[in-house]
1. Which condition does Leu263 not pass, out of (1) modelled with pLDDT of 90 or more; (2) farther than 23 Å from Tyr524 by Cβ, if it passes all the others?
2. Which numbered condition trips up Pro504, out of (1) out of contact with any strand residue (DSSP E or B) (no Cβ under 8 Å at 6 or more places or on another chain); (2) assigned to a helix (DSSP H, G or I); (3) not basic (Lys, Arg)?
3. Let me confirm something: among Ala118, Ala102, Ala154, Ala149, which residue is under 18 Å from Leu61 (Cα atoms) and not assigned by TED's automatic domain parsing to the domain that holds Phe382?
4. Could you please give the count of residues in segment 160-185 that are assigned to a helix (DSSP H, G or I), modelled with pLDDT of 90 or more, basic (Lys, Arg) and in contact with a helix residue (DSSP H, G or I) (Cβ under 7 Å, 6 or more places away or on another chain)?
5. Do we have any residue at all in segment 121-130 that's surrounded by fewer than 17 Cβ atoms within 10 Å (Cβ to Cβ), of a type in the set (Asp, Glu) and part of a helix (DSSP H, G or I)?
6. Just give me the residues in segment 522-558 being at pLDDT below 50 and among the aliphatic types (A, V, I, L, M), in sequence order.
7. Kindly establish whether Ala307 is on the phi < 0 side of the Ramachandran plot, in contact (Cβ under 8 Å) with a residue 12 or more places away in the chain, surrounded by fewer than 19 Cβ atoms within 10 Å (Cβ to Cβ) and in a helix (DSSP H, G or I).
Amino acid sequence: MERTVPETVGEGIELYIRTYYSLLRSSGDVRIRSLEETHEGMLSSLHLGAESPEFDASAFLYAALRLPEVLCCTRRIVLGQSEKVFIQGGLTDINDWQRVDAPARRRRMLYNGKDTIAAFVSSVSDIDDLIPALTAFQIEWNKLHQRLAGSRLAQDLAEDKVKAHQVTDELRKVLRLSDEDFDKLRRVWAKRWEHQMHEMAAHGMDLRVSSLASGFNDYRKAVQGWWDDLLKACDGIQLEQRPIYFVSSNPHSIPNLISGHALQQREELVEFVTSENPEGLRDEWQRLTREGTESSRANYLYYVQRAHHKKDEARLQSWREANRVAGIYRFDDPRSHDISTQVIDFRQIDPTNMDPRVRIEGLEALKASNALIVNVDYPLGFAAYHLLSQVASGVSDLLGLYIMGKAASLNGRVGDVMIPNVVFDEHSRNTFLFKNCFLAQNLSPYLVYGDVFDNQKAVTVRGTFLQNREFMGVFYREGYTDIEMEAGPYMSAIYEDIYPRRYPMNEIVNLFINAPYDIGVLHYASDTPYSRRQSLLSKSLSYFGVDATYACSTAIVRRIFEVELARLRRG
């Protein structure tokens with residue numbers, strides 16, 4: 001069904017996108033400085049202070065959390081899909097480079113120890129994410145550098161005559177930061193604070209970027225490499241020959257619910273919280289003990305077990321063994337796509353150890369199941385299309401597809417859950433209509449602090465920076481309240497799994513009729529861009545996201561069990 005939709009991107013955003021894709025076609029390096037004017041002109045909701053001489057702390061912190069800390073020492077960023085692409089592009093020693101990570105963005109990045117970062121891109125969404133983040137970071141870094149430049153303090157820091165921790169008050173005054181913003185900056189760079197301040201005093205930033213990422217097929221080859229690695233790791237499980245339930249969520253919540261390991265380690269974890277006070281959460285446990293629910297206490301234990309186990313290899317091994325006993329096989333070290341995967345074998349699941357929220361009647365029958373759950377750490381943006389297309393073509397049968405992810409809500413609060421049955425996709429400009437297998441009643445019993453809204457309309461955007469109030473206003477007037485990055489590409493892959501042709505463009509696509517399996521989409525709000533309240537986009541959802549995360553995960557696991565038990569009864 002063809003139709004014309006209103007212009008949604010906006011001239012400023014469209015000009016910015018066209019500019020950086022045009023420049024990245026160059027065989028040489030592109031200076032980020034050449035993108036600053038169009039970046040400022042798009043009036044991004046995440047970077048409202050781009051044009052202002054005043055420092056935009058929120059934009060800078062948002063970008064800093066999604067870029068590696070060694071960026072301050074870097075002069076060049078090279079984009080590519082795989083090690084082979086980088087080697088062909090001249091980075092022949094890339095296998096010897098150091099892995100560097102961003103605190104709040106899962107992307108494989110390697111550093112040569114001198115001046116270059118190799119960033120692995122899984123789809124065009126990685127480019128739409130990286131370029132604006134690099135530009136925002138550089139703009140705001142240079143504002144702080146200019147405030148330092150020329151001062152005696154800058155010279156002393158640059159020459160290592162003093163250390164930043166020795167001149168904290170003076171440094172804050174010279175940078176003209178509020179106590180709150182200064183403290184946030186120190187927390188983000190806690191491990192490298194001295195070095196970052198040395199670099200900021202010593203030089204401005206003039207990043208260059210080069211793209212080795214070429215054709216559409218290179219992205220497909222990269223995801224094929226991920227799939228081949230997964231099949232080798234799953235050699236004894238026969239992944240290709242068994243029907244699967246595909247889940248896109250995170251690497252911990254569903255395994256935690258099924259293994260129940262943290263619940264069995266409750267006394268040890270409580271002792272750890274009491275003595276170590278991880279992330280200052282001791283008082284939260286005391287509050288939950290007095291007035292919390294059993295579910296909220298379980299969520300808390302799931303959260304703190306990561307801090308507890310990572311300090312002790314024996315505890316970590318015990319956790320991994322508990323997962324294996326529960327039929328959960330983890331594959332966390334892919335070579336190209338930084339997407340960890342858990343494969344869960346129904347036949348090994350022990351209902352007695354599960355979280356009580358996911359125990360339903362008749363689970364003993366799962367011993368006769370030949371199905372698997374394949375849970376992937378949700379990919380970024382259009383990488384979802386490549387990944388699901390590969391999985392759907394590589395397995396014998398797809399029994400259900402369940403997507404959980406973060407989103408911005410235009411009318412809710414942080415921690416609310418939105419259940420859409422309409423998705424507009426900025427990539428294809430299609431409007432997808434589908435039957436979401438979840439309703440509010442499937443989540444409400446498990447959500448303590450937020451609200452659930454079903455029958456919502458979602459829009460899949462190209463990037464978090466690639467939005468402004470005009471852009472959001474268009475959708476808000478059309479009743480779209482759920483802004484995220486993966487649902488549209490997943491819908492395009494579902495379309496191609498159902499119909500014998502490539503997904504269309506600029507159409508209303510009805511998936512109600514021919515979808516042969518469950519489709520479930522759940523989004524929990526991590527940001528409220530129309531609100532002036534503190535958003536969580538400038539930091540990790542961290543502990544305060546566990547309520548919505550586990551409510552969504554509980555609903556997904558219960559639904560999968562119900563569908564699989566019904567399939568087994570049918571024989």
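1. Among (1) modelled with pLDDT of 90 or more; (2) farther than 23 Å from Tyr524 by Cβ, the lone unmet condition for Leu263 is (2).
2. (2)
3. The match here is Ala102.
4. 1
5. no
6. Leu536, Leu537, Leu541
7. So Ala307 passes the test.
Quick grid of which residues meet (1) surrounded by fewer than 16 Cβ atoms within 10 Å (Cβ to Cβ); (2) at pLDDT 90 or above:
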{"site": "Arg187", "(1), (2)": "yes, no"}
{"site": "Gln196", "(1), (2)": "no, yes"}
{"site": "Ala202", "(1), (2)": "no, yes"}
{"site": "Asp206", "(1), (2)": "yes, yes"}
{"site": "Val209", "(1), (2)": "no, yes"}
{"site": "Phe216", "(1), (2)": "yes, no"}
{"site": "Tyr219", "(1), (2)": "no, no"}
{"site": "Trp226", "(1), (2)": "no, no"}
{"site": "Asp229", "(1), (2)": "no, no"}
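The values are calculated or read from the model by the stated rules, or taken from the named source; none is laboratory data. Not measured: the values here are computed from a predicted model. Don't worry about glycine lacking a Cβ; one is built from the backbone with ideal geometry, like all the others, and counts go over all protein chains shown.
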